[in-house]
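What follows is a single structure, written as structure tokens, with notes after it.
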Amino acid sequence: MAMAASALQSSPDAIPRADARIKVTGQARYPSDMAVANPAFACLATSAIARGSIRTIDVDAARSVPGVLDILTYQNANVLKPVKIFADGGRFGTSIVPLSGPKIWHDGQIVALVVAETFQAASEAARKIAVSYYAETPSVTIGSDGVTVKPVADVDKTHKDPTLGDAEAAHGAAPFTVDAEYSTPAQHHNPIELFTTTCVWADDKLTVYEPSQFVYGFKYGIAEQFGIDPDDLHVVSPFVGGAFGSKGSLTQRTALVALAARRLKRPVKLVATRSQGFTIATYRAETRHHVRLGADRQGKILAYLHEAWELTSRPDDYNVSGTTSTAVMYDYGSVATKVNVVNADRNTPGFMRAPPEVPYMYALEAAIDELAVALVMDPVELRRINDTMKDPVTGRPYSSRSLVECLEQGAEAFGWRNRSAAPGSMRDGDWLVGWGCATACYPTQISPAAARVRLTPDGSVRVSIAAHEIGNGAYTVIGQAAAERLGLKPENVTVYLGDSVLPAGPVAGGSNTTASTTTVVAKACDAIRDKLSRAAATAGESPLAGKPVAEFALADGRVVAGNTAMPLEDAFRHLGQSVIEEYAESIPRSMSPDDMNKLYHGHASMTGGPKGEKLAFAFGAQFVEVRVHALTGEIRAPRALGAFAAGRIMNPRTARSQLMGGIIWGLSSALHEATEIDERTARYVNTNLADYLIPVNADIQSVEVLFVPETDNWINPLGVKGLGELGNVGVNAAVANAIFHATGKRVRDLPIRLETLLA
Ligand code: MOS
């Protein structure tokens with residue numbers, strides 16, 4: 001096994017993505033593509049105010065549009081049950097149930113759903129619905145009048161703000177200090193596969209085609225909202241065209257479409273517009289941070305204080321509380337953290353790739369850079385001397401931690417030693433050159449999972465698990481794990497994912513898919529190996545007869561013991577079976593059969609990260625070069641390099657693609673992305689891909705990913721750490737730190753754009 005792993009890691013042409021060909025040839029079927037017979041088309045009408053209630057809703061003009069079949073409003077369709085958000089033990093992105101009454105919680109709340117013979121008729125009718133409101137002045141964001149600010153510890157009894165010693169006193173006494181405020185903006189998911197749902201009823205059974213990161217959660221959540229038997233629900237999502245957290249919790253649209261289809265007794269398809277996606281789904285909330293650091297003359301960090309504020313909706317106290325990661329990052333002498341939620345008249349935010357680490361590590365890693373400047377110390381060196389192999393607060397050890405190796409190997413590859421420290425000192429003509437760095441981290445998490453593996457004598461394998469292909473390479477690495485364990489080629493393996501009829505798989509969240517799925521698939525494969533081995537060892541005429549089964553392996557389509565081997569077909573014959581099918585469950589250490597049972601009922605649970613007896617994290621070091629034009633303030637980022645240690649890398653191709661995507665997202669987040677919010681109306685303004693800025697090809701030049709070898713068999717039997725969310729952590733800070741190095745200007749509010757540098 002170890003041999004196979006290192007061979008894969010070093011191979012420049014690791015196993016290609018299993019679904020590459022069908023994706024590039026348009027054959028991959030996303031839920032939005034699923035053809036159903038005789039569909040009617042739905043369109044949403046959404047609120048024009050952010051706070052208040054509906055006074056009147058007039059659907060007469062809408063009804064008279066030719067082809068309109070049905071219009072659902074709170075007056076005729078108030079039937080959905082209340083639900084809880086995911087973070088609160090529920091399965092939804094928001095507890096705001098549309099059409100449950102006249103109350104308006106946020107701009108863009110669903111106020112009606114129109115169904116018509118064509119999409120065009122439905123959209124025309126939706127525009128003709130006339131709603132009048134009792135409007136109140138909304139509270140928009142952190143710092144606005146009328147918001148409610150609450151410490152998370154007061155609203156969530158399970159929440160702990162990491163604290164160690166007397167950080168105030170230590171900060172006060174430290175010879176070198178930083179005291180700074182940082183902010184990150186709201187950012188919205190803009191998946192290429194929009195928020196779409198198609199519902200088909202047959203004999204009181206409902207099939208839902210919807211892009212999903214958690215088909216089991218969706219099955220039970222929709223059943224709960226409808227009050228029907230979950231066994232009557234089937235959720236189908238074999239591919240997902242852009243997820244990143246936006247499709248892990250249910251939105252409220254799904255049940256509305258199901259309701260419309262039931263009323264109409266006909267399949268109904270909804271494709272919400274991109275603009276509606278900003279308010280009917282979740283987003284990354286804006287955050288603010290007050291960070292203080294204190295250090296001694298040698299750069300040892302004596303105090304880390306971090307208070308944060310996160311925006312959320314009125315009814316839901318959703319928060320990401322990233323100090324659980326930042327507080328274990330360095331060998332701090334003392335720690336004081338506090339996280340607050342700020343309730344405003346907005347839709348409920350939710351998960352977006354590395355939800356806690358992106359904003360919180362930005363604040364910490366920018367502050368670390370400021371501390372390095374104060375100390376006149378190299379920022380890589382400052383991180384190195386404050387490295388820790390244990391949680392500074394509780395003393396628990398890391399299972400493995402290769403941050404220093406990432407920093408050193410990343411610095412070497414980037415050429416960091418050629419950096420001249422003084423800001424503005426690396427000028428190239430009119431361009432001010434800056435180099436910045438930052439730490440990346442992401443908790444290694446694992447979920448219970450079940451899987452079925454089927455093997456036939458010709459060496460064909462079928463793997464079934466309700467895990468999810470969200471672009472991460474799940475089909476590839478799951479098939480690879482089975483092939484490797486059964487001693488067959490990846491092309492012998494067919495993998496089935498993304499369907500609620502399959503054995504329960506984990507939510508595609510928290511970067512836990514690879515660890516959770518490969519663990520359970522390996523277990524099922526080992527059960528197959530054991531059956532074949534026992535048959536081979538006991539059959540009288542077998543060349544393997546009487547040999548110790550524990551030494552048997554499957555390799556090259558044979559059962560192998562030392563120098564002796566038996567073809568699979570013979571082993572099957574001895575077993576007297578023409579197929580072996582094994583169903584396995586894996587329950588991570590420290591979890592219980594109850595957690596497995598929760599998963600069977602559509603509740604996600606994970607362990608790992610900062611939770612267990614050891615801390616489990618993947619690490620990385622980000623290095624970025626920026627060039628800022630001295631006269632125009634134009635910012636370019638010609639070079640980014642990330643060095644990452646994430647345990648065993650199952651597949652360097654899919655891993656590199658995840659990490660590269662993360663770095664690019666990080667550059668986007670630092671320099672481009674922000675949802676603009678109208679301060680009078682609490683309305684999102686740039687709700688389209690023309691105005692919501694993301695980088696184009698010309699903005700991204702060299703992006704390099706290095707793998708730092710790391711072995712950790714404590715985390716799980718395959719030694720796999722998650723890495724999907726690792727790549728975009730730290731990039732914000734690396735860019736901001738590079739811009740300081742280029743210009744001497746410390747910009748603490750993201751994104752950093754030329755107008756800020758010119759001001
Ligand atoms: Mo991810 S933000 O855990 O889908």
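The values are calculated or read from the model by the stated rules, or taken from the named source; none is laboratory data. A quick note: this is a predicted structure, and the numbers were derived from the prediction, not measured. Using ideal geometry, Cβ is built from the backbone for each residue, glycine included, and neighbour counts are taken over all protein chains shown. Note: accessible area is taken over every heavy atom of the protein model, side chains too, but ligands, DNA and RNA are not part of it. Shrake-Rupley method; radii C 1.70, N 1.55, O 1.52, S 1.80 Å.
Structure notes:
- Restricting the first member to the range 585-605 and to residues that are more than 21 Å from VAL83 (Cβ to Cβ), and the second to residues that are aromatic (Phe, Trp, Tyr) and at pLDDT 95 or above, no beta-carbon pair is closer than 6 Å while six or more apart or on different chains.
- Test result for GLU673, closer than 29 Å to PRO588 by Cα and not aromatic (Phe, Trp, Tyr): no
- Filtered by the rule that a residue be open to solvent by less than 10 Å² (accessible area, probe 1.4 Å), hydrophobic (A, V, I, L, M, F, W, C) and within 16 Å of the ligand (Cβ to nearest atom), the range 314-357 gives MET352, ALA354.
- Only residues that are at positive phi and within 16 Å of the ligand (Cβ to nearest atom) were counted in the range 198-252, giving 3.
- Residue within the range 671-687 that is over 30 Å from ASP345 (Cβ atoms) and in contact (Cβ under 8 Å) with a residue 60 or more places away in the chain present: no
- Residue in the range 235-242 that is at pLDDT 95 or above, in contact with a Pro (Cβ under 7 Å, 6 or more places away or on another chain) and surrounded by 23 or more Cβ atoms within 10 Å (Cβ to Cβ) present: yes
- The listed residue being surrounded by fewer than 20 Cβ atoms within 10 Å (Cβ to Cβ) and either at pLDDT below 95 or in contact with a helix residue (DSSP H, G or I) (Cβ under 8 Å, 6 or more places away or on another chain) (or both), out of GLY89, GLY143, GLY108: GLY89
- Residue in the range 83-96 that is outside any loop (DSSP other than H, G, I, E, B) and over 30 Å from HIS601 (Cα atoms) present: no
- Evaluation of GLU405 against (1) open to solvent by 30 Å² or more (accessible area, probe 1.4 Å); (2) more than 16 Å from the ligand (Cβ to nearest atom); (3) of a type outside the set (Ser, Thr, Tyr); (4) outside any helix (DSSP H, G or I) (one fails), failing number: (4)
- Applying a threshold of 7 Å to beta carbon distances and a minimum spacing of six or more residues, or different chains, the list of pairs starting in the range 724-746 at a residue that is in contact (Cβ under 8 Å) with a residue 40 or more places away in the chain and ending at one that is in a helix (DSSP H, G or I) and β-branched (Val, Ile, Thr) reads GLY727/ILE663; ASN728/VAL358; ASN728/ILE663; VAL729/VAL358; VAL731/ILE663; ASN732/VAL358.
- Which listed residue, of GLY459, GLY479, GLY510, is within 16 Å of the ligand (Cβ to nearest atom), open to solvent by less than 40 Å² (accessible area, probe 1.4 Å) and either farther than 30 Å from LEU726 by Cβ or out of contact with any Ser or Thr (no Cβ under 6 Å at 6 or more places or on another chain) (or both): GLY510
- Some residue of the range 216-223 being touching a Leu at 6+ places or on another chain (Cβ under 7 Å), β-branched (Val, Ile, Thr), surrounded by 23 or more Cβ atoms within 10 Å (Cβ to Cβ) and not in a loop (DSSP other than H, G, I, E, B): yes
- The range 535-584 - residue that is surrounded by fewer than 18 Cβ atoms within 10 Å (Cβ to Cβ), acidic (Asp, Glu) and in contact with a Leu (Cβ under 9 Å, 6 or more places away or on another chain) and, of those, farthest from LEU599 (Cα to Cα): ASP556
- Top-ranked residue in the range 514-534 [being open to solvent by 10 Å² or more (accessible area, probe 1.4 Å) and out of contact with any Asp or Glu (no Cβ under 6 Å at 6 or more places or on another chain); ranked as nearest to the ligand (Cβ to nearest atom)]: THR514
- Under the condition of being aliphatic (A, V, I, L, M) and farther than 17 Å from VAL291 by Cα, the residues counted in the range 342-374 number 4.
- All of VAL59, VAL83 fail the test of being hydrophobic (A, V, I, L, M, F, W, C) and within 20 Å of ALA261 (Cα to Cα), apart from VAL59.
- Of the listed requirements (1) in contact with a helix residue (DSSP H, G or I) (Cβ under 6 Å, 6 or more places away or on another chain); (2) in contact (Cβ under 8 Å) with a residue 40 or more places away in the chain; (3) farther than 30 Å from LEU256 by Cβ; (4) open to solvent by 40 Å² or more (accessible area, probe 1.4 Å), HIS306 misses just one: (4).
- In the range 720-738, the qualifying residues are those that are open to solvent by 10 Å² or more (accessible area, probe 1.4 Å) and not aliphatic (A, V, I, L, M), and the one that is farthest from PRO356 (Cα to Cα) is GLY724.
For every residue, the table says whether it meets (1) touching a helix residue (DSSP H, G or I) at 6+ places or on another chain (Cβ under 9 Å); (2) among the aliphatic types (A, V, I, L, M); (3) within 16 Å of the ligand (Cβ to nearest atom).
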| residue | (1), (2), (3) |
| --- | --- |
| VAL373 | yes, yes, no |
| ARG384 | yes, no, no |
| ASP391 | no, no, no |
| GLY395 | no, no, no |
| GLY424 | yes, no, no |
| GLY434 | yes, no, no |
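- Residue selected from the range 160-213 under the condition among the acidic types (Asp, Glu) and in contact with a strand residue (DSSP E or B) (Cβ under 6 Å, 6 or more places away or on another chain), by the criterion most open to solvent (accessible area, probe 1.4 Å): GLU181
- Each residue in the range 482-507 was checked for being in contact with a strand residue (DSSP E or B) (Cβ under 6 Å, 6 or more places away or on another chain), on the phi > 0 side of the Ramachandran plot and within 16 Å of the ligand (Cβ to nearest atom), and 0 of them qualify.
- Within the range 566-584, the presence of at least one residue that is at pLDDT 95 or above and in contact with a Cys (Cβ under 8 Å, 6 or more places away or on another chain) is confirmed.
- Per the conditions (1) open to solvent by less than 20 Å² (accessible area, probe 1.4 Å); (2) more than 22 Å from VAL341 (Cβ to Cβ), the sole criterion not satisfied by THR273 is (1).
- Output for the range 547-590, where each listed residue is of a type outside the set (Asp, Glu), over 30 Å from LYS611 (Cα atoms) and assigned to a strand (DSSP E or B): ALA553, LEU554, ALA555, ARG558, VAL559, VAL560, ALA561, THR564, ALA565, MET566, PRO567, ILE580
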